[in-house]
Amino acid sequence: MDSSSLAVTSPPPAAALLSGGRVAVVAPFSSGKHYRAEFVHRGWECIAVSPATSALPSLYRGGITPVGYQGVVTHNEDLNATAQALRALRVTAVVAGTEIGVPLTEQLAARLDLPGNDPATSHLRRDKGAMAAALARAGLDGPRSLSTDRLQDALSWAQSLPDVQDFVLKPADSAGSDGVAFCAGLGDIETAWKQLHQVPNAMGGSNDHLVLQERLRGSQYVVNSVSVTDLRGGARHTVTECWADRRTPDGHLYDRLDLLNRTRMVPRVLADYTVRALDALGVANGPAHSEVMYVPGRGPVLIETGARPEGFYDPHSMREATGSDHIRDAVHAVVTGNPRRLAADRPRATVSKISLIAPYDGVLDREFLERLLNLPTVRGHVGALEPGGRIQRTVDLLTSPGRLTLAAEDPREIDHDHAVIRAMETSGLYRSGAR
């Protein structure tokens, strides 16, 4: 094995294997870091697989804590070497922890002859332009889109759509609303292009190609799902959560997500559309996180899908409020080969996720932060919410100081605390200047 292409940290002897199995979590960052505890709870062991530090986007550098893993494999662009290491460690499943791990997860699963999505169609699950084209080929409604590396092509294409006044320019392969620009006309497109083109994005992409799309208007939703391949080779999809996604008035920043009763009409329509979209994108195994717009007169239209767990949420508070979460549902499918059976009744509580929005760079005020985290409906949070902690102005999900999970029997209690949170943000939660 080529030691220059691979580093393996602390692999245990084969005799130490648990009877349940062993999973490799590729890029176990963001929500993916929670895979380890849930697999261990189900009697499985975990191997962490990560690109070399030099190949990681800055967002994830230093993000793996080796404690608790039975080994840490560093992938140095040598697929054969990494696959051999995982084979030697007797890995029985491979899952993606976050967006940057999706292509490698699919390549490794194929090399190891383990369940996974076809790496030949991986671009359909990463490139927003390719996603829209795949939907069109399947006869599903998707945003009219152009993926290009030339500004002139983008401007000419926009001019060819006289019925479209507003556009969205975005990286082809980023996440978390990173680099998303709303454009009202050709001038805005040109300005945004010059700001985004060939600028590294948050997921490590180069933005050589950008995707220009019509801007959809309607109600936005998040649909989480888990897929497994049955004995006949067909994909079975289970929609596990549907959230109403409320943004700020400009449509750019995340405000709140409200968990919906899956048995109601709108979630059922969204679920039916999403299942067909997953088939069109080649999602056959594992979790998927989809954003869907319900457009009046058109119906559901997929914005994008990620073949990995939802990011930026607290699984522990979700489990307390609902009994499960996207990570737990994904682990159940790996361990049992079947999706979790879902209750037909409404969620046991009203659940919302509130994204914090900082209007400027600064620090978190101790007194206000303590009051925030002790609001009656707050059940948990993600983000480094520490007194005096530095924060930056929120321009997308990745720059939000954190996200709170709220739960209550009465939705009015959540509405009240949501209003209190927004009031705190304008009255003292954030302090400008140095600590």
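See the values below:
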| read-out | value |
| --- | --- |
| Filter result (modelled with pLDDT of 95 or more and of a type in the set (Val, Ile, Thr)) within the stretch 77-101 | Thr82, Val91, Thr92, Val94, Val95 |
| Selection from the stretch 390-425 of residues that are at pLDDT 95 or above, under 22 Å from Asp250 (Cα atoms) and in a helix (DSSP H, G or I) | Asp415, His418, Ala419, Val420, Ile421, Arg422, Ala423, Met424, Glu425 |
| Residue count for the stretch 358-394, restricted to those that are among the basic types (Lys, Arg) and touching a strand residue (DSSP E or B) at 6+ places or on another chain (Cβ under 7 Å) | 2 |
| Boolean, Leu342 is in contact with a Gly (Cβ under 6 Å, 6 or more places away or on another chain) and of a type outside the set (S, T, N, Q) | no |
| Pick from the stretch 134-160, criterion of a type in the set (A, V, I, L, M) and either under 21 Å from the mean Cα position of the chain (by Cα) or assigned to a loop (DSSP other than H, G, I, E, B) (or both), ranking: surrounded by the fewest Cβ atoms within 10 Å (Cβ to Cβ) | Ala138 |
| Lone qualifier among Lys194, Lys170 - being out of contact with any Leu (no Cβ under 6 Å at 6 or more places or on another chain) and under 26 Å from Phe29 (Cα atoms) | Lys170 |
| Residue match in the stretch 161-170 (condition: crowded, with 19+ Cβ neighbours inside 10 Å, touching a helix residue (DSSP H, G or I) at 6+ places or on another chain (Cβ under 9 Å), outside any strand (DSSP E or B) and not polar (S, T, N, Q)) | no |
| Unmet criterion (only one of (1) in contact (Cβ under 8 Å) with a residue 40 or more places away in the chain; (2) over 23 Å from the mean Cα position of the chain (by Cα); (3) outside any loop (DSSP other than H, G, I, E, B); (4) surrounded by fewer than 16 Cβ atoms within 10 Å (Cβ to Cβ)) for Gly187 | (1) |
| Answer residue from the stretch 43-87, given it is assigned to a strand (DSSP E or B) and either among the aliphatic types (A, V, I, L, M) or in contact with a Cys (Cβ under 8 Å, 6 or more places away or on another chain) (or both) and is surrounded by the most Cβ atoms within 10 Å (Cβ to Cβ) among those | Val49 |
| Residue list for the stretch 151-206, filter: at positive phi and at pLDDT 85 or above | Gly185, Gln198 |
| Hits in the stretch 280-292 (condition: part of a strand (DSSP E or B) and surrounded by 21 or more Cβ atoms within 10 Å (Cβ to Cβ)) | Gly286, Pro287, Ala288, His289, Ser290, Val292 |
| Residue in the stretch 254-274 that is among the β-branched types (Val, Ile, Thr) and buried (at least 17 other Cβ atoms within 10 Å of the Cβ) present | yes |
| Selection within the stretch 25-40 - over 19 Å from Ile100 (Cα atoms) and without any contact (Cβ under 8 Å) to a residue 60 or more places away in the chain | Ala37, Val40 |
| From Glu45, Glu99, residue being in contact with a Leu (Cβ under 6 Å, 6 or more places away or on another chain) and within 26 Å of Ser227 (Cβ to Cβ) | Glu45 |
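The values are calculated or read from the model by the stated rules, or taken from the named source; none is laboratory data. What you see is a predicted model; the values in this text were computed from it and never measured. Note that we place each Cβ from the backbone using ideal geometry, even for glycine, and neighbour counts take in every protein chain shown.
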